[in-house]
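The values are calculated or read from the model by the stated rules, or taken from the named source; none is laboratory data. Note that the structure is a prediction, hence the values are computed from the model and not measured. Heads up, the Cβs are rebuilt from the backbone with ideal geometry, glycines too, and the neighbour counts pull from every protein chain shown.
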Amino acid sequence: MTSVLELRGITKRFPGVLANDHIDLTLEKGAVHALLGENGAGKTTLMNILYGLYQPDEGEIFVDGQPIKVHSPSDAIRKGIGMVHQHFMLIPVFTVTENVMLGEEALRLGGFLDRNKAAKKILHISEQYNLEVDPDSYIKDLPVGVQQRVEIIKLLYRKANILIFDEPTAVLTPQEADELFKIMHSLTEQDKSIIFITHKLREVLAVADLITVIRRGKVIGSVKPAEADQKKLASMMVGRDVKLELDKGKAKPGEVVLQVENLLVTDDAHRLEVDNVSFEIKKGEILGIAGIQGNGQTELVEAITGMRDVDEGKILLLGRNVTHLSPRVFTEAGSAHIPEDRQRDGLVLPFPVMENLILCTYYLPPYAEGPVIQWHLALQNAEKLVQDFDIRTPSALTPAGSLSGGNQQKVIVARELSRPIHLLIAAQPTRGLDVGSIEYIHAQILKRRDEGVAVLLASTELDEIMQLSDRIAVMYRGRITAIVPAEEATKEYIGLLMAGISPEDAKTQAVKKHEITV
Amino acid sequence: MTDQEENKIPQDEKNKPEIGKIFLEEINNQFSHGQKKKGHRTIGQVILIPILAVVTGLILGGIFIIFTTEQVYTAFGQSFGAGLYTALDVVTKAYAALFTGAFGNPARMIAALSSPDQVEVRRAFNPFLESLVTSTPYIFAGLAVALGFRAGVFNIGAEGQIFIGAITATYVGYSVTGLPAIIHLPLALLAGALGGAAWGFIPGWLKAKTGGHEVINTIMMNYIAFRLSDWLLTGPMKRPESFNPVSPEVLPSAWIPQFFPAPIRFHLGFFIALAIAYLVYWLLFKTTWGFNLRTVGTNPSAAKYAGMNVSFNIILAMCLSGALAGLAGTNEVWRSTATWRWLSPQVTVLIVLPWLYWATTTPLAWSWLHYYSVRSVVGRLGCS
């Protein structure tokens with residue numbers, strides 16, 4: 001194999017941060033080279049340098065052995081380097097063909113667009129690389145996985161040889177991710193080379209030919225997947241041993257904290273999203289709500305926390321009826337809520353960390369004396385929480401929006417868990433976070449459980465549910481189909497329940513599958 | 001949403017002040033707690049944009065003056081040098097007039113100080129003080145829009161609220177009799193504020209309850225206010241002895257105190273405006289109410305999550321914004337001859353544009369900087 005791309009000693013400094021520190025990287029022809037690192041490790045900066053968005057302070061880039069300088073993304077494309085962005089750069093109301101030819105239009109005599117010619121070329125590419133797509137469909141009608149294929153076709157249309165995938169699976173379902181890995185294989189079989197940026201350990205082990213781990217702007221090392229396992233990669237990423245398995249003691253459930261009875265909730269379009277749901281959570285236990293996204297978990301959590309109207313049913317918090325009360329009453333009754341969408345609901349991004357840390361308590365003493373906010377106390381509080389919860393921020397006055405995703409989530413966790421609480425509602429608490437942050441947040445949730453807090457954990461990550469929960473409730477089409485004690489839950493069984501199989505059938509099927517694998 | 005930190009770093013990368021960047025930061029700038037934030041803009045950078053805006057305005061204005069002056073064409077017909085000289089001469093004269101219109105003539109001021117003629121002293125210093133008088137309603141109106149911006153409402157209908165505030169203040173000013181000034185004047189101011197607040201309440205309520213966009217609704221409310229004013233000035237509020245659409249004169253007990261004898265009209269309103277500017281700043285950045293308003297304005301979902309009453313705060317914001325606009329209207333009445341008359345729409349439309357720009361800065365900075373830029377506009381109108 002020959003190297004198609006080589007980075008030598010790439011260094012990039014931002015004020016106060018050494019984003020890339022003498023990074024060396026070699027990409028072999030026809031290989032998938034995974035770049036693994038936590039959020040903020042410098043992966044994206046490195047790729048932006050390669051893609052011409054930044055200029056390196058030091059170092060050189062070689063393509064096919066020739067030193068090159070990349071001044072802009074279009075420059076990069078001309079040199080055969082293409083990037084599949086995490087957020088797609090597609091125009092929803094254009095067709096696939098129009099999106100692909102945008103900026104590189106096929107023209108007929110007289111300057112008219114030649115859509116047919118472009119469409120033919122797209123079909124050719126899609127056959128060659130197994131990228132199934134209809135050139136005439138509109139982007140807005142396509143599922144996310146197919147939109148990503150269009151992004152890849154865009155690059156191949158421009159004859160890119162080196163493809164950079166920036167966290168490509170973040171927006172995909174597990175099935176779509178598997179499809180993507182197949183596509184990556186068919187690309188590399190035909191001599192395209194791929195740089196695969198991710199922080200998901202399982203994925204790199206599945207598809208990469210070589211894994212380079214970056215931490216705090218430095219290359220920690222490169223390993224072959226055969227020589228590595230998740231634990232090793234995780235500790236390389238984080239710089240210390242990481243517990244992928246939690247040590248979790250047995251729950252000691254106490255009295256009932258939250259009681260939900262026959263709850264009916266509709267969404268904004270008046271569709272029934274939560275259908276006759278009942279459950280209870282006791283002091284000191286974690287109830288996990290498993291389910292595929294969109295089966296009513298979001299609405300259930302919103303209804304409990306007072307953010308959505310309840311149509312029928314009752315919610316009792318420590319015996320008190322809180323069914324139709326506002327989020328503020330719910331908070332004041334001693335509960336905390338880590339919302340599903342941290343940027344939409346959990347934070348005011350342009351506000352400083354300090355203000356976000358008092359978002360739910362700003363009107364209470366000691367922060368408010370009458371109507372006047374005691375900012376010096378808020379600042380003290382912020383500085384303490386930044387320390388206690390290890391929030392990585394330049395200062396407590398930095399806008400929350402300029403922190404990394406993991407640190408944004410830590411701001412929310414710090415705010416919600418620093419209050420005395422009886423009940424914690426955590427919705428997707430680790431979505432999109434890196435290993436270190438996930439470990440930290442999981443430990444915090446377990447710590448609260450052991451202190452006697454009742455925890456409702458809604459998550460679409462089955463692993464997370466299995467690791468943390470003491471009991472698992474599975475939601476399917478708005479109903480809770482079964483509540484299973486953690487000891488009896490297997491991944492197969494819960495997975496089948498999530499897919500809508502009835503508990504009896506699921507049990508027999510799961511046992512069968514188990515027997516076959518044994 | 002991952003790797004945000006990496007993506008954000010380059011924003012602080014360059015220390016050079018870039019105009020667009022400073023402007024955006026200015027818009028996003030929340031507040032500083034008496035401490036200097038890391039990488040925060042210096043005062044020089046903050047005032048750079050206003051200065052550049054004024055300079056650009058002067059340059060463009062100069063070009064217009066040159067192109068619209070006949071002497072310049074004639075001079076260019078003679079020779080290029082003469083043309084150039086005349087062009088510069090015309091622009092210089094125009095801007096000298098602009099300056100003396102806004103700030104007064106320094107030579108005349110010095111001469112007046114050494115002369116015993118008191119009237120001459122007042123006349124010499126009047127342009128500067130008159131600028132302060134003129135700027136007072138603008139300060140209020142700018143505060144109105146700025147407060148709305150912070151709370152997420154785009155109160156483009158300040159004009160209508162100005163009209164209503166002026167009408168209610170005038171009405172209380174002439175119709176309520178027998179009160180001492182200490183009660184009558186605050187009452188008239190309050191009436192102006194309440195009038196504006198009521199006019200802001202309607203679109204605020206519509207936005208909160210029905211989602212009706214305040215830009216559309218306030219613009220419609222503007223026209224209702226204009227026509228209402230037309231009707232009142234030709235009907236119920238018409239001065240009995242006059243043939244013009246003018247209201248009766250406000251009673252002396254509701255006149256705002258002036259500091260100097262005529263012709264200087266400089267009055268207490270200017271200092272009230274400054275005090276209110278500080279009050280708005282204090283409200284927005286130091287109190288829980290302001291925290292509510294700012295949170296609702298920046299992220300309504302998070303405000304709901306935090307237990308704030310989003311509808312109430314939208315309505316409150318429109319009412320407060322309307323009240324400030326109403327005070328602008330009140331000051332407009334006192335600036336003129338203590339009567340309410342039809343303001344020509346062209347003038348008011350012209351006023352709106354600088355508001356929108358200035359509204360993005362913090363209230364205190366706003367009120368001071370605003371004075372100078374507006375004065376140059378008014379000064380130019382005066383000298384043309």
Being of a type in the set (Val, Ile, Thr) and not in a helix (DSSP H, G or I) is the filter here; which residues of the range B:137-162 pass it? B:VAL153, B:ILE156
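Just for the range A:34-45: of the residues that are at pLDDT below 90 and of a type in the set (A, V, I, L, M), which one is surrounded by the fewest Cβ atoms within 10 Å (Cβ to Cβ)? Outline the logic, then answer.
Our first condition is that a residue be at pLDDT below 90; within the range A:34-45, this holds for A:36-45.
Among the residues that remain, those that are also of a type in the set (A, V, I, L, M) are: A:36, A:41.
Values: A:LEU36: 30, A:ALA41: 28.
The residue in question is A:ALA41.
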Please give the number of the condition B:LYS209 fails out of (1) surrounded by 14 or more Cβ atoms within 10 Å (Cβ to Cβ); (2) within 24 Å of B:GLY148 (Cβ to Cβ). (1)
Could you tell me which residue of the range A:352-363 is modelled with the highest pLDDT, considering only residues that are part of a loop (DSSP other than H, G, I, E, B) and more than 7 Å from every other protein chain (Cβ to nearest Cβ)? A:ILE358
What's the number of the condition B:ALA96 fails, among (1) surrounded by 13 or more Cβ atoms within 10 Å (Cβ to Cβ); (2) part of a helix (DSSP H, G or I)? (1)
Please tell me if A:ASP75 is out of contact with any strand residue (DSSP E or B) (no Cβ under 8 Å at 6 or more places or on another chain), surrounded by 14 or more Cβ atoms within 10 Å (Cβ to Cβ) and in the same structural domain as A:LEU27 (by TED's automatic domain parsing). yes
A:LEU347 - would you say it is closer than 21 Å to B:ARG150 by Cα, at the interface with chain B (Cβ under 8 Å from one of its Cβ atoms) and in contact (Cβ under 8 Å) with a residue 60 or more places away in the chain? yes
Based on this model, can you work out whether B:THR218 counts as among the polar types (S, T, N, Q) and in contact with a strand residue (DSSP E or B) (Cβ under 9 Å, 6 or more places away or on another chain)? no
Test: residue in the range A:162-177 that is among the hydroxyl-bearing types (Ser, Thr, Tyr) and in a strand (DSSP E or B): no
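I'm checking my understanding of the structure. Among residues of the range A:186-202 that are in a helix (DSSP H, G or I) and in contact with a strand residue (DSSP E or B) (Cβ under 8 Å, 6 or more places away or on another chain), which one is nearest to A:GLU28 (Cα to Cα)?
Among residues in the range A:186-202 that are in a helix (DSSP H, G or I) and in contact with a strand residue (DSSP E or B) (Cβ under 8 Å, 6 or more places away or on another chain), the one nearest to A:GLU28 (Cα to Cα) is A:THR188.
Using the structure shown, decide if A:ARG448 is of a type in the set (D, E, K, R) and either assigned by TED's automatic domain parsing to the domain that holds A:ALA290 or in contact with a Pro (Cβ under 9 Å, 6 or more places away or on another chain) (or both). It would help to see each step written out before you state the result.
Details: of a type in the set (D, E, K, R): yes; either assigned by TED's automatic domain parsing to the domain that holds A:ALA290 or in contact with a Pro (Cβ under 9 Å, 6 or more places away or on another chain) (or both): yes.
Answer is yes for this residue.
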Among the helices (runs of 4 or more DSSP H) contained in the range B:261-337, which hold 2 or more residues that are within 12 Å of chain A (Cβ to nearest Cβ), of a type in the set (A, V, I, L, M, F, W, C) and crowded, with 21+ Cβ neighbours inside 10 Å? B:288-298, B:300-305
State the number of residues belonging to the range A:364-374 that are surrounded by 12 or more Cβ atoms within 10 Å (Cβ to Cβ) and either of a type in the set (Lys, Arg) or more than 11 Å from every other protein chain (Cβ to nearest Cβ) (or both). 0
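Among the listed residues B:THR134, B:THR177, identify the single one that is under 30 Å from B:TYR281 (Cβ atoms) and either hydroxyl-bearing (Ser, Thr, Tyr) or outside any helix (DSSP H, G or I) (or both).
On the way: B:THR177 fails: under 30 Å from B:TYR281 (Cβ atoms).
Of the residues listed, the single one that is under 30 Å from B:TYR281 (Cβ atoms) and either hydroxyl-bearing (Ser, Thr, Tyr) or outside any helix (DSSP H, G or I) (or both) is B:THR134.
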With (1) without any contact (Cβ under 8 Å) to a residue 60 or more places away in the chain; (2) closer than 21 Å to A:MET237 by Cβ; (3) among the small types (Gly, Ala, Ser) as the list, and A:ALA414 as the residue in question, which single condition is left unmet? (2)
I'm told A:ILE195 meets every condition in (1) in contact with a His (Cβ under 9 Å, 6 or more places away or on another chain); (2) within 28 Å of A:THR11 (Cα to Cα); (3) surrounded by fewer than 22 Cβ atoms within 10 Å (Cβ to Cβ) except one. Can you identify the failing condition by its number? (3)
Residue list for the range B:247-282, filter: closer than 30 Å to B:LEU316 by Cα and among the hydroxyl-bearing types (Ser, Thr, Tyr): B:TYR278, B:TYR281
Could you go through the range A:85-96 and let me know if any residue there is closer than 19 Å to A:LEU187 by Cβ, out of contact with any Ser or Thr (no Cβ under 9 Å at 6 or more places or on another chain) and at pLDDT 85 or above. no
